[in-house]
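The values are calculated or read from the model by the stated rules, or taken from the named source; none is laboratory data. Owing to the predicted nature of the structure, the values given are computational and were not obtained by experimental measurement. Positions of Cβ are backbone-derived with ideal geometry, glycine not excepted, and every protein chain shown enters the neighbour counts.
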Amino acid sequence: MFGAKAAELVRPTKAQKAAELQDAFNRFWEVYPKKAGKPQAQDAFAKQVKDGADPKEIIAGAKRYADFLAGGDKGEFRPIPKYPQGWLNGQRWLDEDIAPKAIMPRPRGPQWGEIVR
């Protein structure tokens, strides 16, 4: 009588939602560059998802952030990674892509040996 359409309308249980949220957080945690404050990060992640954020977008933003921090030439400035809780609470996955600016070589003055002569 109800067929396949009734099966499609079945809502996920709280346990299923919790498992999906935990799975999404675990994927976020795998890609995020700083492994600190995991319980606080998990709470912040759950709050953002509850408030309507898409977990896939959060994870993609964390991956972009990790790639930005890992990239760059040797000696090029890269900021210290933010704690995951602050990154999540600040909704940093919504930041526009961080494009490295062209770095001009630092002008060099006379070397020490040239000054002494």
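Points to keep in mind about this one:
- Those residues of region 52-84 which are farther than 20 Å from Asn26 by Cβ and either touching a Leu at 6+ places or on another chain (Cβ under 7 Å) or not in a helix (DSSP H, G or I) (or both), in sequence order: Gly52, Gly71, Gly72, Asp73, Lys74, Gly75, Glu76, Phe77, Arg78, Pro79, Ile80
- Residue within region 42-51 that is of a type in the set (D, E, K, R), at pLDDT 90 or above and touching a helix residue (DSSP H, G or I) at 6+ places or on another chain (Cβ under 6 Å) present: no
- Of all residues in region 52-80 being out of contact with any helix residue (DSSP H, G or I) (no Cβ under 8 Å at 6 or more places or on another chain) and among the aromatic types (Phe, Trp, Tyr), the one that is farthest from Asp95 (Cα to Cα): Phe77
- Residue selected from region 85-117 under the condition part of a loop (DSSP other than H, G, I, E, B) and of a type in the set (S, T, N, Q), by the criterion modelled with the highest pLDDT: Gln91
- Residue in region 35-45 that is surrounded by 12 or more Cβ atoms within 10 Å (Cβ to Cβ), touching a residue at least 40 places away in the same chain (Cβ under 8 Å), within 20 Å of Glu96 (Cα to Cα) and not hydrophobic (A, V, I, L, M, F, W, C) present: no
- Of the criteria (1) modelled with pLDDT of 95 or more; (2) more than 13 Å from the chain's Cα centre (by Cα); (3) of a type in the set (D, E, K, R), which one Asp73 fails: (1)
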